[in-house]
There are 2 protein chains.
Amino acid sequence: MARTVSERADILPLLGEVFREHGFEGASLAHITARTGLGKGSLYHFFPGGKEEMAAAVLAEIDLWFETNVFAPLRAQEDGAAAIRDMLGRVDAYFRSGRRVCLVGVFALSEVRDRFCGQVLSYFARWREALADALRRTGRAPDTAGEDAEDAVLAIQGALVLARALDDPAVFTRTLARLERRLLGMAALHAAQQ
Amino acid sequence: MARTVSERADILPLLGEVFREHGFEGASLAHITARTGLGKGSLYHFFPGGKEEMAAAVLAEIDLWFETNVFAPLRAQEDGAAAIRDMLGRVDAYFRSGRRVCLVGVFALSEVRDRFCGQVLSYFARWREALADALRRTGRAPDTAGEDAEDAVLAIQGALVLARALDDPAVFTRTLARLERRLLGMAALHAAQQ
DNA sequence: GTCTATAAAGCGATAGAC
DNA sequence: GTCTATCGCTTTATAGAC
């Protein structure tokens with residue numbers, strides 16, 4: 001691990017990995033110092049609030065990344081189908097084709113959800129709404145777009161669970177391919193019908 | 001909490017709830033003694049191997065319940081469509097319509113998966129295969145049944161994540177309804193085509 | 001079978017030197 | 001900004017009385 005002077009932003013990704021792999025409770029300071037190469041002194045210099053502040057900062061960084069690279073493009077890109085295809089590509093890259101887990105999902109499942117309730121809820125709610133927006137632009141009926149978007153977001157989370165449970169990242173890859181068909185396969189059809 | 005002499009089998013469900021709510025690392029002996037009403041002496045009398053043995057016993061109990069009430073009926077019931085409908089009903093009841101989380105899924109996501117690797121993998125693999133079996137009996141093409149079963153199992157897990165993240169159990173209920181349509185809605189069609 | 005007392009280790013967090 | 005030393009508390013686990 002690099003032993004030079006570091007910045008808070010540099011260690012956030014490393015912190016993220018530790019929380020992803022061990023969960024909030026399992027992510028001990030010992031794990032964190034080992035992964036980051038920083039002593040407790042440095043850690044508490046950057047995060048006076050301790051572990052809770054570290055986790056909140058990681059969540060905020062993840063949130064910003066998804067807002068910038070996933071949610072905003074979903075809302076802004078005029079071609080809904082292209083927007084959805086881009087989302088699936090970025091999601092595949094972010095989750096390393098099923099080899100990396102979703103920290104927000106991990107937090108959601110345990111009782112630490114309550115500590116980060118707002119951040120967890122907002123992440124998934126905005127993902128669902130942004131995807132529903134894009135779906136409507138593909139010509140999907142407004143009243144089904146919401147449920148279809150929810151179905152897709154939840155499938156991504158479930159695929160991460162199953163891929164890890166079965167120790168088979170291909171589950172995730174297959175799921176993304178199926179989602180593309182489910183979300184876009186009928187888009188041309190819908191559009192043509194109008 | 002009942003203060004009389006207890007049996008190992010009586011405390012397993014309570015242990016399950018603690019592990020579900022806090023995860024393996026977060027489930028401290030303090031939480032466990034509080035929930036079960038048993039002192040450490042009793043706990044170590046029943047589970048000499050400590051927390052790890054407790055978690056393994058809970059996983060085994062869950063496995064047995066699903067084998068008996070979900071997997072076996074899926075494989076045995078001649079009417080595939082009825083078998084799948086039964087599964088969805090029992091899953092809805094087990095997960096309390098989205099208010100209860102899947103312990104095996106929770107374990108799968110963190111690094112404790114490695115400790116219970118075999119049990120976690122077997123649970124999901126058998127669920128997927130049993131459901132694929134039932135799907136084939138509805139007339140679904142053998143080569144798509146496997147992927148459709150995988151999609152359903154993973155949707156259930158994802159719905160539990162999202163329901164908790166959004167603090168909205170209805171996400172789970174909606175997902176089960178959608179799965180019934182997706183798995184069986186076209187069953188009559190498939191059967192009729194033959 | 002259940003309890004309390006206790007051991008030994010690990011935890012998150014702080015202080016203060018550099 | 002980084003480190004080491006240390007505090008006080010919680011952790012898992014054991015021992016032994018009842």
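Things worth noting here:
- B:PRO73 away from DNA strand C (no atom under 16 Å from the Cβ) and either of a type in the set (Val, Ile, Thr) or under 19 Å from the mean Cα position of the chain (by Cα) (or both): yes
- Hits in region A:43-64 (condition: touching a residue at least 24 places away in the same chain (Cβ under 8 Å) and more than 16 Å from DNA strand D (Cβ to nearest atom)): A:ALA55, A:ALA56, A:VAL58, A:LEU59, A:ALA60, A:GLU61, A:ILE62, A:ASP63
- Region B:1-58: number of residues that are within 12 Å of DNA strand C (Cβ to nearest atom) and closer than 17 Å to B:GLN119 by Cβ: 1
- Single residue of region B:101-128 satisfying the filter (closer than 20 Å to B:PHE71 by Cα and charged (D, E, K, R)) that is surrounded by the most Cβ atoms within 10 Å (Cβ to Cβ): B:ARG128
- Any hit, region B:2-9, residues being within 13 Å of DNA strand D (Cβ to nearest atom) and at pLDDT 95 or above: no
- You will find that of B:LYS40, B:LYS51, the residue that is of a type in the set (Lys, Arg), more than 14 Å from chain A (Cβ to nearest Cβ) and more than 15 Å from the chain's Cα centre (by Cα) is B:LYS40 and no other.
The rows are residues; the columns are (1) in contact with a Phe, Trp or Tyr (Cβ under 6 Å, 6 or more places away or on another chain); (2) part of a helix (DSSP H, G or I); (3) of a type outside the set (Val, Ile, Thr); (4) modelled with pLDDT under 95.
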residue	(1), (2), (3), (4)
A:ARG20	no, yes, yes, no
A:GLY23	no, yes, yes, no
A:ALA30	no, yes, yes, no
A:ALA34	no, yes, yes, no
A:MET54	yes, yes, yes, no
A:ILE62	no, yes, no, no
A:ARG75	no, yes, yes, no
A:ALA82	no, yes, yes, no
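- Count - residues of region A:117-126 that are touching an Asp or Glu at 6+ places or on another chain (Cβ under 8 Å) and facing chain B (nearest Cβ under 8 Å): 3
- Screening the candidates B:ARG85, B:ARG96, B:ARG113 for the property of being away from DNA strand D (no atom under 11 Å from the Cβ) and within 22 Å of A:VAL101 (Cβ to Cβ) yields one hit, B:ARG113.
- Candidates A:ASP143, A:ASP114, A:ASP151 - the one that is in a helix (DSSP H, G or I), among the acidic types (Asp, Glu), more than 21 Å from A:ASP63 (Cβ to Cβ) and within 12 Å of chain B (Cβ to nearest Cβ): A:ASP151
- A:HIS31 falls short on exactly one of the conditions (1) touching a residue at least 12 places away in the same chain (Cβ under 8 Å); (2) within 22 Å of B:LEU109 (Cβ to Cβ); (3) within 12 Å of DNA strand D (Cβ to nearest atom), and that condition is (3).
- Subset of region A:84-111 [at the interface with chain B (Cβ under 10 Å from one of its Cβ atoms) and free of Cβ contacts under 8 Å to residues at least 24 places away in the same chain]: A:ALA108, A:LEU109, A:GLU111
The values are calculated or read from the model by the stated rules, or taken from the named source; none is laboratory data. These figures come from a predicted structure and were not determined experimentally. Ideal geometry is used to build each Cβ from the backbone, glycine not excepted, and the neighbour counts take in all protein chains shown.
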